Structure formats: structure tokens, C-alpha cells
1. Residue 10: touching a Lys or Arg at 6+ places or on another chain (Cβ under 7 Å), aromatic (Phe, Trp, Tyr) and at pLDDT 85 or above, yes or no?
2. Among the listed residues 23, 51, which satisfies the condition of being touching a Gly at 6+ places or on another chain (Cβ under 6 Å) and in a strand (DSSP E or B)?
3. Could you tell me how many of the residues in the stretch 34-47 are in contact (Cβ under 8 Å) with a residue 24 or more places away in the chain and assigned to a strand (DSSP E or B)?
Amino acid sequence: MFQVGDDIYYVNLKKEEFPGRVLDVKKRIKICYYHTTGPKIRWVNPNNIELQNTSRCAHNAECGWCDDTGEGVYL
């Protein structure tokens, strides 16, 4: 269902939505999302996130997540 590089929305317990990206997929999903205090990394249940789109990162440094390395900068 989710794959590394998917753009997602994380919904917290307060029903607030935050844009983010999938970093790893196991039983739970490791995500990085933008919070008002900066980027956060969390392992979450799949039902706590919604797929934003299905396009995959081409690692062309447009988003700034990996600095064109293909690896997450917040790992």
C-alpha cells in the first residue's frame, strides 16, 4: 500500500494534518513530517496517514529532502 518516497498527510490524535513523506515500510510506517517546531520522524500505524499522491521522487533536489543523494536527510 505505502512505499518509500510516497507523499502523505499524517493525522495526529488532535486530528491535525501535516504533510510528510514515507521513509520506511514495515508493520508500521516510518515517516518524516513538517510540524510548526520543525521536521519530525515517527513510526506510525498505516491508518494514521493518508496518501497525498503516488508520484515517486526522482532525486532531482527539487524538494530538498535528500539533497540529490536519494537518501533521507532526517534519518
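The values are calculated or read from the model by the stated rules, or taken from the named source; none is laboratory data. As the structure is a computational prediction, the values presented were derived from the model and not from experiment. Positions of Cβ are generated from backbone atoms using ideal geometry, with glycine treated the same way; all protein chains shown enter the neighbour counts.
1. Working: touching a Lys or Arg at 6+ places or on another chain (Cβ under 7 Å): no; aromatic (Phe, Trp, Tyr): yes; at pLDDT 85 or above: yes.
No, not satisfied.
2. Details: 51 fails: touching a Gly at 6+ places or on another chain (Cβ under 6 Å).
One residue alone meets the criteria, 23.
3. So the first thing to find is which residues in the stretch 34-47 are in contact (Cβ under 8 Å) with a residue 24 or more places away in the chain, and the list is 39, 41-42, 44, 46.
Narrowing the set further to residues that are assigned to a strand (DSSP E or B) leaves 39, 41-42, 44.
Of the residues in that region, 4 qualify.
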